[in-house]
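Since every read-out is calculated from the coordinates, none of them should be taken as a lab result. Given the structure is predicted, the values throughout are model-derived calculations rather than measurements. Here Cβ is always computed from backbone atoms with ideal geometry, including for glycine, and neighbour counts include all displayed protein chains.
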Amino acid sequence: AQSVTQLGSHVSVSEGALVLLRCNYSSSVPPYLFWYVQYPNQGLQLLLKYTTGATLVKGINGFEAEFKKSETSFHLTKPSAHMSDAAEYFCAVSVITNFGNEKLTFGTGTRLTIIP
Amino acid sequence: DGGITQSPKYLFRKEGQNVTLSCEQNLNHDAMYWYRQDPGQGLRLIYYSQIVNDFQKGDIAEGYSVSREKKESFPLTVTSAQKNPTAFYLCASSMRGRNTEAFFGQGTRLTVV
């Protein structure tokens, strides 16, 4: 079965420091991977996605992620954290069900705190 | 503007009552989804629908029901059979295909009183 695992339910970084949020996937077929961000009491917003092609994917708000097949990873990074980056981040993989439908399976999320 | 609208934003329910959460989209998306969010558990799929008049159970469908009579609408009913319904509920929609992103509503916070 296809799934994602997010390492670290809480991450704290200082303002201006590197942000690294970890996501590992499990998939028997080429994975389609996504990162979403959620601000308090709101829905989710897409940060970036990997489908095919270039393995380094750039998203909104200065975030990027690199697909590494050998490590089954899709970690999210940002060179310099900003206070506005404080939110919860979810990694997700698109899977095909037994009925041939598509659905997104999410990780358990990582709450990012920015220290002034 | 195009998007997904969930209503109400906050909902209170007495034990033993059924409640229906509304989800409407004007993005012309075929697929719609309902997720439940609990602290530390991420998003868990309740039901999803790829076309009108068809839907499938997700990972935690027990105690919930849905309908898909119109492309734009995918209401979720939380029945009295759902033993722990207090949670944040998110509706999403997308085009068909594994490489398409899902668009989310703002969520409904349901509290049992």
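Structure summary
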{"quantity": "Cα centroid separation - region A:55-108 against region B:88-113, whole Å", "calculated": "17"}
{"quantity": "Neighbouring partner chain Cβ atoms per residue of A:57-66, average, 10 Å criterion", "calculated": "0"}
{"quantity": "Least to most buried among A:Ile114, A:Ile96 (fewest other Cβ within 10 Å first)", "calculated": "A:Ile96, A:Ile114"}
{"quantity": "Residues B:Met95, B:Met32, A:Met83, sorted so that the one with the fewest Cβ neighbours within 10 Å comes first", "calculated": "A:Met83, B:Met95, B:Met32"}
{"quantity": "Expected-Rg normalisation [2.2 N^0.38 Å, Cα atoms] applied to region A:9-86", "calculated": "1.13"}
{"quantity": "Given A:Lys58/B:Lys57; A:Lys68/B:Lys71; A:Lys58/A:Lys103; A:Lys69/A:Lys103, the pairs whose alpha carbons are separated by over 31 Å", "calculated": "A:Lys58/B:Lys57; A:Lys68/B:Lys71"}
{"quantity": "Fraction of the pair-distance distribution of region B:1-97 above 23 Å, Cα-Cα pairs, percent", "calculated": "20"}
{"quantity": "Shape parameters for region A:1-54, alpha-carbon atoms, Rg then Dmax in Å", "calculated": "13.5, 38"}
{"quantity": "Largest-first ellipsoid semi-axes for region B:18-67, taking √(5λ) over the Cα gyration tensor eigenvalues, angstrom", "calculated": "19, 13, 12"}
{"quantity": "Pairwise label distance in nanometres, B:Asn99 with B:Lys83, each label 7 Å out on the Cα-Cβ vector", "calculated": "4.4"}
{"quantity": "Beta bridge orientation in the protein assembly as shown: antiparallel %, DSSP, nearest 5", "calculated": "90"}
{"quantity": "Tail beyond 12 Å, pair distance distribution of region B:67-109 (Cα, percent)", "calculated": "72"}
{"quantity": "Spherically averaged projected area of the protein assembly as shown from its Cα convex hull (nm²)", "calculated": "12.8"}
